[in-house]
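Accompanying notes for the structure given below.
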Amino acid sequence: MFIKRVSIIQNINIIPEPVLLNLSSGEFILTEETIIFSDQEIFKLSNYLKNHLISATGFNLAVKSIKEKNTNGTTVNLKLNDRKDKLGFEGYSIEVSSKDINITAPYPAGIFYGIQTLRQLLPPEIENDVRVEGIEWRIPCLKSQDFPRFSWRGYMLDEARHFHGKEIVKKMLDLMALLKLNKFHWHLTDDQGWRIEIMKYPKLIEIGSKREETQVGGFFSKKRDGIPHSGYYTQEDIKEIINYAKDRFIQIIPEIDLPGHTRAVLASFPNLSCKGYPFRVSTHWGIHKDVLCVGKEEVFEFIQNLLKEIIDLFPSNIVHIGGDEVLKVRWRECPDCQLRIKKEGLESEKELQTYFTNRVLGFLSKHEQKIILWNDALKKNLEEKPICQYWLRGKKDILEYLKKSGELIMSNFKYTYLDHSYTFTPLKLAYKFEPIPKDLEKMYHKQILGLEAPLWSEYIPNIKRLEWQTFPRLIAFAEIGWTPKIKKNFNSFQERLNKFLKRFDIIGINYANSRDIKTNVFKRLFKVFTLFKEQRGGI
Ligand code: ACM
Ligand code: ZN
């Protein structure tokens, strides 16, 4: 039988690039006799590894407690140690000799990331879900120590504009795990759809999860496709996905966008608006005038009941409450909102949003929740210290917030928005992204928790388009989030990426190819034009 001998150097192309990796001579060969040993507490991870190896190799590896270790054969050992200071919550070390592979870490998360590295040390064919004949499963001998640069390495998926569903979300969680990403921000509500079952308010699903049709033909188009769109997650679905993510060391952060981006709520409950007239779930994109009324007390009652269910459902104890792009026109015209402004001694409708945010923050902190909001809602007189997710404008505000010991997640519009065309944000520009603002004094660096790449899905009608917009840019963000800044190198990244993408070919991912992702300076001159023109969906 022909055995493929893959060159050893060719096998080392790990993304994200590890902190330290020293190759030595020799190699480990995984066979069906190899035994996986592990500490009792991380037995689940041994089984995860075994299951990952079984399809492509056909090896049904034995999994045993490390206490019973007594073998002359080859072994993979998963062991917890106490090197907390050095490796932190997510760090690990891996040592490969011709006889043993040792993955050690102070916490299970580190062991999990060590397994992901091991996966990338094996030939890409390991990703097959059917047995691959004629290959030897060789791993070069090496020593590596590895830990992330940032604790927040996120991906955001908008399911309101297009509902993608459980299987697609699980596939994305699997890919996030391979890339050592650890936060899945789930944008579940917006003007065009409400996607999460709330027991107390079934109308949010009966009405809010369905729209009659969808805008097509670009951002300025008046055309609609005439096709109804709907979809939502039951609370049981949500629990299933939370557990799936937990097994991959990914925390899920639900976003309930308030008080703007709420047309699906107003379609279900028009009494929560300023005007009170009937609404349809929106069929077009852009920023909408009708938002929650801040003058009416029943709005706060609704929000508290709703958030109570969210808190009970999501164990992460962290809720994103949006706060972006809130138009103030309705508040200006609404007697209830104006009365609130007067009674509370507020100066303007802008302060009315701060009043709103403070009440929601107050409720959530009383329930011991961490809170995130977009930087639009970051105002001087906030009564709590939410985590601010930065996307556009307001640079001065966020720098001031850091001085007041606020924390930030960086999602800069120019670099990290995955829905942008590759003309607007080519791969090279994405890879250039640096989460720490320029000239920021060192004492504030640790308040930059990390980065997150959002995929807004107005123009993402299906999985093919979703994958195409997301990859390979999300792979670049994974490296920015993990690898030390000093090791960042686009040429090296591109070389490793070319090999890494063989894994994606095998898994079956419709990533954008090298022609699509190239920088084109001439085309970029027309960037604003192309930003809208190219966003047509379609694949
Ligand atoms: C945003 O892109 N509206 C946060
Ligand atoms: Zn009002």
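The values are calculated or read from the model by the stated rules, or taken from the named source; none is laboratory data. Only a predicted model underlies this, so the values are computations on that prediction, with no experimental measurement involved. No Cβ is skipped: glycine too gets one built from the backbone with ideal geometry, and neighbour counts run over all protein chains shown.
If the condition is being touching a residue at least 40 places away in the same chain (Cβ under 8 Å) and surrounded by fewer than 22 Cβ atoms within 10 Å (Cβ to Cβ), then the stretch 269-283 contributes Phe269, Lys275, Arg280, Thr283.
Would you pick out the residues in the stretch 438-452 that are out of contact with any His (no Cβ under 9 Å at 6 or more places or on another chain) and under 14 Å from Phe150 (Cα atoms)? Correct list: Tyr444, His445, Lys446, Gln447, Ile448, Leu449, Gly450, Leu451. Considering (1) at pLDDT 95 or above; (2) over 26 Å from the mean Cα position of the chain (by Cα); (3) among the hydroxyl-bearing types (Ser, Thr, Tyr), the lone condition that Thr262 does not fulfil carries the number (2). Take Pro278 and tell me if it is under 20 Å from Tyr201 (Cα atoms) and away from ligand 2 (no atom under 11 Å from the Cβ). Yes, satisfied. Considering the stretch 349-377 alone, what residues qualify as being more than 12 Å from Ile321 (Cα to Cα) and in a loop (DSSP other than H, G, I, E, B)? His367, Glu368 - these are the residues of the stretch 349-377 that are more than 12 Å from Ile321 (Cα to Cα) and in a loop (DSSP other than H, G, I, E, B). Condition check for Val299 on (1) hydrophobic (A, V, I, L, M, F, W, C); (2) in contact with a strand residue (DSSP E or B) (Cβ under 8 Å, 6 or more places away or on another chain); (3) more than 16 Å from ligand 2 (Cβ to nearest atom): one failure, at (3).
Taken over the stretch 182-229, the residue count meeting the criterion of being under 30 Å from Gln116 (Cβ atoms) and not basic (Lys, Arg) is 7.
With respect to Leu429, is the statement that it is of a type in the set (A, V, I, L, M, F, W, C), more than 25 Å from Lys180 (Cβ to Cβ) and surrounded by fewer than 21 Cβ atoms within 10 Å (Cβ to Cβ) true? In short, no. Being of a type outside the set (Asp, Glu), touching a residue at least 24 places away in the same chain (Cβ under 8 Å) and exposed (fewer than 14 other Cβ atoms within 10 Å of the Cβ) holds for only one residue in Lys485, Lys523, Lys499, and it is Lys485.
Where helices (runs of 4 or more DSSP H) sit wholly within the stretch 382-475, none has at least 2 residues that are at pLDDT below 95 and away from ligand 1 (no atom under 16 Å from the Cβ). Condition test on Lys222, is it in a helix (DSSP H, G or I), basic (Lys, Arg) and out of contact with any helix residue (DSSP H, G or I) (no Cβ under 7 Å at 6 or more places or on another chain)? Criteria not met by Lys222. Given the criteria away from ligand 2 (no atom under 16 Å from the Cβ), at negative phi, surrounded by fewer than 18 Cβ atoms within 10 Å (Cβ to Cβ) and β-branched (Val, Ile, Thr), does Ile287 qualify? So Ile287 passes the test. Taking residues in the stretch 296-322 that are loosely packed, with under 13 Cβ neighbours inside 10 Å, and partners anywhere that are aromatic (Phe, Trp, Tyr) and assigned to a strand (DSSP E or B), not one pair has Cβ atoms closer than 9 Å while being at least 6 places apart or on different chains. Within the stretch 325-374, the set of residues being away from ligand 2 (no atom under 13 Å from the Cβ), among the polar types (S, T, N, Q) and either free of Cβ contacts under 8 Å to residues at least 24 places away in the same chain or under 17 Å from Leu272 (Cα atoms) (or both) comprises Ser348, Thr357, Ser365. Within the stretch 219-234, can one find any residue that is of a type in the set (Lys, Arg) and closer than 17 Å to Glu159 by Cβ? No, the stretch 219-234 contains no residue that is of a type in the set (Lys, Arg) and closer than 17 Å to Glu159 by Cβ.
For residues in the stretch 232-260 being out of contact with any strand residue (DSSP E or B) (no Cβ under 7 Å at 6 or more places or on another chain) and under 13 Å from Glu197 (Cα atoms), which is surrounded by the fewest Cβ atoms within 10 Å (Cβ to Cβ)? Checking each candidate, the answer is Glu236.
Any residue at all in the stretch 234-245 that is basic (Lys, Arg), modelled with pLDDT of 95 or more, over 30 Å from Glu349 (Cα atoms) and over 16 Å from the mean Cα position of the chain (by Cα)? Yes, the stretch 234-245 contains a residue that is basic (Lys, Arg), modelled with pLDDT of 95 or more, over 30 Å from Glu349 (Cα atoms) and over 16 Å from the mean Cα position of the chain (by Cα).
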